[in-house]
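Structure first, then comments.
The values are calculated or read from the model by the stated rules, or taken from the named source; none is laboratory data. On a predicted model such as this, the values are computed, not experimentally measured, just so you know. Methodologically, a virtual Cβ is constructed for each residue, glycine included, from the backbone with ideal geometry; neighbour enumeration extends over all protein chains shown. All accessible areas refer to the heavy atoms of the entire protein, side chains included, with ligands and DNA or RNA removed. Shrake-Rupley method; radii C 1.70, N 1.55, O 1.52, S 1.80 Å.
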Amino acid sequence: MAKAIMIQGTMSNAGKSLIAAGLCRIFKQDGYRVAPFKSQNMALNSFITEEGLEMGRAQVMQAEAAGIKPSVYMNPILLKPTNDTGSQVIVNGEVLGNMPAREYFAYKKKLVPAVMEAYRKLDEEYDIIVIEGAGSPAEINLKQDDIVNMGMAKMAGSPVLLVGDIDRGGVFAQLIGTVDLLEPEERAMVKGLLINKFRGDKSILDPGIRMLEEKSGIPVVGVAPYMRLELDDEDSLTERFSGSQEVGLVDIAVIQIPRISNFTDFNPFEMMEGVSLRYVKSVSELKHPDMILLPGTKNTMEDLLWMRQNGLEAAILKEAEAGTVIFGICGGYQMLGQELSDPEGVEAGGSIRGMGLLPTRTVFGGDKTRTRVTGTFQEQDGVFAGLAGLKLEGYEIHMGETTLEEGCSPMTRLSARTGEAACCKQDGARKGQVFGTYVHGIFDREQVAKEIVTALGAKKGVDMSAVRGVDFSEYKESQYDLLARGLRESLDMKKIYAILEAGLPDRNQKTNRF
C-alpha cells in the first residue's frame, strides 16, 4: 500500500500542480516509485495516452516529473467546459457525455467507484502517491459530496499540505481563512501549510509564519520561491496570455479564442531567441505578424462566430490576402474551411460558413477521435518547402471529420495507433500560405520549429538560420530538475517526509463515504 500526501490550495492557481510535480521529482530522485493523482480535473488542455485515452495535462506533466508514463488512472475524471454552465464529462479516458453543472453535481457521487478503482491501481504499484486537489477545500457550495479535495483525502487516508499564493497578496488571510472554514475533522487532516510564489528576503516573513503557526496550530513546511519555469500550463489561468506584446524579429500571433485548448502546442516557439509568441484577442493587438496561429477549441463553431463578431476573422482574411502565413490546429484547422456542419448537435447544431481559406468541409459527429500519431511532412512548395521529409509526432483529439476538396493537398502522412490498432493516413491540408492539421504537438520536434522560424525569417529578408531550436522533451527534464532543486532548498523535506510517513491515524481504514 502506497504512502499518500495531498496538495490542496487556498484558491485556483495557487500553484498546486507545480508543487505536486516538484514533490514527484524529489521523491523520484530519492529512489521512490511515485505517481500523481487527481480525481477530478477541469481543463481544456488534454492529452492522449498510448492506449488512446484522454486525460488532463497537469497529471501528464507530473507523471513526466515522476519519470513514468501517463495513465488515465492518474486522472479518472476530466471535465472539459463546453460553455459557461456545462462540460463534456470524460471518465477513465472516454467520453461519458455532456452535462450541465447542476446535473453533474448531482451525478458525480456515482463516479466514486471509478475514482477509487483508479486510485487502487496506483496504490498497488507505487511507493508514494502525490494527490492534487482542485480550487479550494473551503468552497461551501461544493463541499457536499466532494470527491476532489477533503472528500478525496478521506477516501485515500491522506494527510494534506495547504498551499497559499503570496504573489496575489493576502496569503495569511488565505491560509487562516481556509483552515477556519474547514470542519474539525478536515482541519485535523491539514498537517502542513506552504507559502508559494514568494519574491524577496524570506526573513521578512518570519513574524507572519510564527503567527500562522500560532493561530492555526499547523506547522509551516516552507516558503517556495516564485520560479519562472517553462512547463505545460493546465488551463486559461496561465500567465502566458498576459505576456509581452513586444514584436520580435519573427513575430507569431496566437488567436486567444474564448474556449482555447491545447495552447501548449505553441510552447516550443517561446524558447527561440528573436521570436515573439503573442496571444491576441482583438484586432488592435493583432498588428501584422509573420504567422497567425489558430489554436484548438472546445467549441469550434461558437469561437468562429466570436471572431466573426469582433472583427478578428476579417483582419485574418486581410492578412492572408497580403501573404501572411495562417496555420490552424484541430479546431483552428476546421475554422479555415468552407463549411462546418453539426447535424447531431455535438456543438452548436446546424451549419455555418467557415473562413474559406482552405477548400475543406467539416462535419461533426458523436464519435471522438483519440489517437497518438507519428509521421512525416509531405512534399510541398511555398514558404514551408523545407519541412518536406521531416518527422513529427503528437496526438489527435477531436470531434468531426474534415474532407479535402479540389485545390489543396494534405500536409502530412501519419501512422496512427489507438490501443492495438494501427493505420496509415494522410492529415491536414495546405493551399498557398494557409496550413491546417489535426496533430497536437506538431511543432515539438526541434528541427520542425527551427525550419518554420527560419522560413518565416527568410520570407521577410531576416536571416534566422542561426536560431537554435529546443528538444522539448529534454528541455522539460531540465525544468523538472530546476523545480525540484528550488523546492528542496525552500521546503522542510524532513518534516514533509515525517508527515508522509505518519499519514493519518486511521489511514489503514480507508473508507468510501458513499
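When semi-axes √(5λ) of the Cα gyration tensor in Å is calculated directly from the model, which label among (i) 45, 40, 20; (ii) 44, 30, 23; (iii) 41, 25, 21 fits?
This structure yields the entry labelled (iii).
If I fit a long axis through the Cα atoms of helix 300-310 and take the longest principal axis of the Cα atoms of the chain, what angle between them do I get, 0 to 90°, rounded to 10?
That helix lies at roughly 70 degrees to the long axis.
Between Gln88, Gln62, Gly31, whose Cα lies farthest towards the positive end of the dipole of segment 23-97 when Lys and Arg beta carbons carry +1 and Asp and Glu beta carbons carry -1, centred on the Cα centre?
Gly31
List nothing, just return the count: lysine pairs in segment 32-125, 8 or more apart or interchain, with Cα separation under 16 Å.
Working: Lys38/Lys69; Lys38/Lys80; Lys38/Lys108; Lys38/Lys109; Lys38/Lys121; Lys69/Lys121; Lys80/Lys108.
Taking the Cα cut-off of 16 Å, the pair count is 7.
Helix 446-459 versus the longest principal axis of the chain: what angle, 0 to 90°, nearest 10, using Cα atoms?
40
Could you tell me which residue out of Met152, Leu358, Phe384 lies farthest along the dipole of the chain toward its positive end? Charges go on the beta carbon: Lys and Arg +1, Asp and Glu -1, centred on the Cα centre.
My answer, from the dipole projection, is Met152.
How much of the accessible area of the chain, in percent, comes from carbon and sulfur atoms when a 1.4 Å probe is used?
Here it works out to 48 percent.
Counting only GluC sites (Glu not before Pro) that are in a DSSP loop and have at most 10 other C-beta atoms within 10 Å, tell me the longest site-free stretch of the chain.
Working: sites that count: Glu246, Glu379, Glu406, Glu420.
The answer is 1-245.
Rounded to the nearest 0.05, what FRET efficiency do Ala498 and Ala314 give with R0 = 60 Å and r taken as the Cβ-Cβ distance? Could you check? Each step should come with its number before you reach the end.
Numbers: r = 61 Å, r/R0 = 1.02.
With a Förster radius of 60 Å, E is 0.45.
Using Cα centres only, tell me the gap between segment 330-352 and segment 89-104 in whole Å.
21
Return one number: the angle in degrees, 0 to 90 and rounded to the nearest 10, between the long axis of the Cα atoms of helix 493-502 and the longest principal axis of the Cα atoms of the chain.
Approximately 70 degrees, to the nearest 10.
If you roll a 1.4 Å probe over the heavy atoms of the protein chains, what accessible area per residue do you get for the chain, in Å²? Don't skip to the end; give the middle numbers.
Details: 20740 Å² over 514 residues.
Ligands and nucleic acids excluded, the figure is 40 Å² per residue.
For segment 283-338, what is the convex hull (Cα atoms) projected area averaged across all directions, in square nanometres? Please report the intermediate quantities before stating the final value.
Values: hull surface 14.6 nm².
That works out to 3.7 nm².
Once you keep just the Cα pairs under 8 angstrom separated by 6 or more residues, what percentage relative contact order results for the chain? Intermediate values should be presented prior to the final figure.
On the way: 1149 pairs, mean separation 81.1, N = 514.
This gives 16 percent for the chain.
Roughly speaking, what is the centre-to-centre gap between segment 361-389 and segment 178-235 when only Cα atoms are used, to the nearest Å?
So the two Cα centres are separated by 46 Å.
Find the centroid of the Cα atoms in segment 298-321 and in segment 25-60, then give the distance between the two in whole Å.
Going from one Cα centre to the other spans 34 Å.
Considering Cα pairs under 8 angstrom that are at least six residues apart, work out the relative contact order of segment 243-322 and quote it in whole percent. Walk me through the numbers before you get to the answer.
Details: 111 pairs, mean separation 30.6, N = 80.
Answer for segment 243-322 is 38 percent.
I'd like the FRET efficiency for Glu406 and Glu213, computed as 1/(1 + (r/R0)^6) with the beta carbon distance as r and R0 of 56 Å, rounded to 0.05. Walk me through the intermediate numbers first.
Working: r = 72 Å, r/R0 = 1.28.
Once rounded, the FRET efficiency stands at 0.20.
If you split all Cα-Cα distances of segment 227-376 into 5 Å bins from zero, what percentages do you get per bin, shortest first?
The calculated distribution, bin by bin, is 2, 9, 18, 22, 20, 15, 10, 4, 1, 0.
Looking at the chain, send over the antiparallel percent of its DSSP beta bridges, to the nearest 5.
Numbers: 52 of 98 bridges.
Bridges in the chain that DSSP calls antiparallel: roughly 55 percent.
Could you work out [θ]222 nm for the chain from helices alone, using -39500 (n - 2.57) per DSSP H run of at least four and dividing by all its residues? Round to the nearest 500 deg cm²/dmol.
On the way: 16 runs with 155 residues, N = 514.
It lands at -9000 deg cm²/dmol.
So between Glu270 and Ala114, what do we pick up on full extension, going 0.36 nm a residue minus the alpha carbon distance?
The span from Glu270 to Ala114 would gain 52.3 nm if fully extended.
Taking trypsin sites (Lys or Arg not before Pro) as candidate sites, keep only those in a DSSP loop with at most 13 other Cβ atoms within 10 Å, then name the longest stretch of the chain containing none of them.
Numbers: sites that count: Arg199, Arg228, Lys460, Arg468, Arg513.
That gives 229-459 as the longest site-free run.
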